[in-house]
């Protein structure tokens with residue numbers, strides 16, 4: 001593209017140069033013809049060569065001091081035409097020829113100086129623009145009326161606009177697509193006080209992304225110290241904010257892991273006693289035909305098992321998952337996960353399992369548990385029934401085996417969508433919030449990833465992406 005643009009600019013310059021040469025030659029020919037016609041056809045008492053100044057001026061503006069050659073040629077032409085038209089040299093013939101040369105020289109000299117001044121200005125402007133573009137911060141310069149005077153590439157990239165579309169326009173229109181000044185804009189105040197400002201802001205851009213920025217407004221003053229422009233330096237702090245959040249999350253997860261491990265070990269022993277006692281009572285009272293007692297013993301056994309599963313989750317969350325890799329059939333993993341889940345009669349199961357998938361290196365139980373958790377969540381999201389769709393496939397471009405699990409349930413609100421993988425986050429009355437967090441840990445332990453998309457009222461779709469061969473070396477605690 002760059003080469004095409006350079007070629008286009010080169011062609012345009014060549015065309016412009018050819019056009020100028022054509023116009024100059026055409027003007028010279030026309031002026032000579034008119035002078036010849038007036039002098040030799042109409043045969044007036046004078047030789048009419050005043051029009052020669054037109055090509056001389058054009059040559060001076062376009063070709064600078066080279067216009068002297070045009071003036072000399074036309075001067076000689078004037079002398080010859082005067083001689084042949086009047087039969088002799090008259091007073092002023094040579095003077096006019098000299099004036100032609102003088103006019104050409106002066107106009108050419110002034111035009112050349114102007115050209116050099118303009119080129120120097122353009123070079124300085126290009127140099128300033130080049131310096132601005134090497135700065136990673138997004139920089140723009142405004143005047144007192146909030147017109148955009150200058151802008152660098154980083155700012156254009158953030159707002160996804162073109163330079164020609166913002167220069168000379170109001171900043172609130174060019175960058176924020178507003179018809180009036182933004183609320184709380186510090187620029188007018190800076191022109192009054194001469195003092196800069198610094199603020200932090202969250203930008204919700206038109207492409208749907210969110211950026212955290214640190215904005216510094218600095219006055220640019222004249223020799224008297226009066227602000228004439230304001231420089232806006234917008235620094236993208238998104239990466240730093242994300243790193244800070246990741247650090248906080250790491251510290252939080254480490255604390256939760258230590259706490260979970262301790263609590264789990266402390267709870268497992270009394271739960272074992274309760275389980276054994278419930279089993280002993282069920283054996284002793286098995287001959288008692290008391291339906292209420294048997295029902296409560298069954299509830300006790302069910303809740304003990306649920307608590308044990310929770311303890312297992314806590315212990316799993318506290319430790320670093322290191323997959324025991326072996327060759328696995330993804331479709332078999334999905335089938336095993338489905339067999340371990342009770343699918344209600346009001347939920348329609350749709351399966352599209354690609355039978356041509358290659359085997360992958362994975363920990364069978366980890367991926368099965370991941371699928372089981374997501375399928376269980378999908379069923380829970382459809383209390384009134386719906387459709388559960390499970391697909392397997394191979395994304396050859398990414399080199400991943402994909403497991404897609406979609407439901408037509410309640411959907412996840414946007415504000416919760418980015419929190420669902422956080423430990424202890426749940427919207428269920430009896431949920432603990434470890435299931436999806438463990439799912440992500442298991443998948444990431446395989447160097448894979450989980451993607452989710454959801455719409456309230458329409459459903460949720462999870463896509464588990466696993467590499468065909470997982471390199472699990474170098475795995476550390478999160």
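Structure summary
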| quantity | calculated |
| --- | --- |
| Alpha carbon centroid spacing (whole Å) that separates region 158-228 from region 433-460 | 39 Å |
| Rough spin-label spacing in nm, given labels placed 7 Å along Cα→Cβ, for residue 195 and residue 114 | 4.8 nm |
| Computed E for residue 274/residue 210 - FRET, C-beta separation, R0 60 angstrom, nearest 0.05 | 0.80 |
| P(r), alpha carbons of region 326-467 - 5 Å bins starting at zero, rounded % | 2, 10, 20, 25, 21, 14, 6, 2, 0 |
| Gained length - residue 353 relative to residue 221, 0.36 nm times residue gap less alpha-carbon distance | 40.6 nm |
| Potential extension, residue 332-residue 239 segment - 0.36 nm per residue separation minus Cα distance | 29.5 nm |
| Rg followed by Dmax, in Å, when region 135-236 is reduced to its Cα trace | 13.1, 44 |
| Length gained when the stretch residue 228-residue 33 is fully extended (0.36 nm per residue, less Cα-Cα span) | 64.6 nm |
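Readers should treat all values here as calculations from the given coordinates under stated rules, not as data from a laboratory. Values in this document were obtained by computation on a predicted structure and should not be read as measured data. Virtual Cβ from ideal backbone geometry, glycine too; neighbours counted across all protein chains shown.
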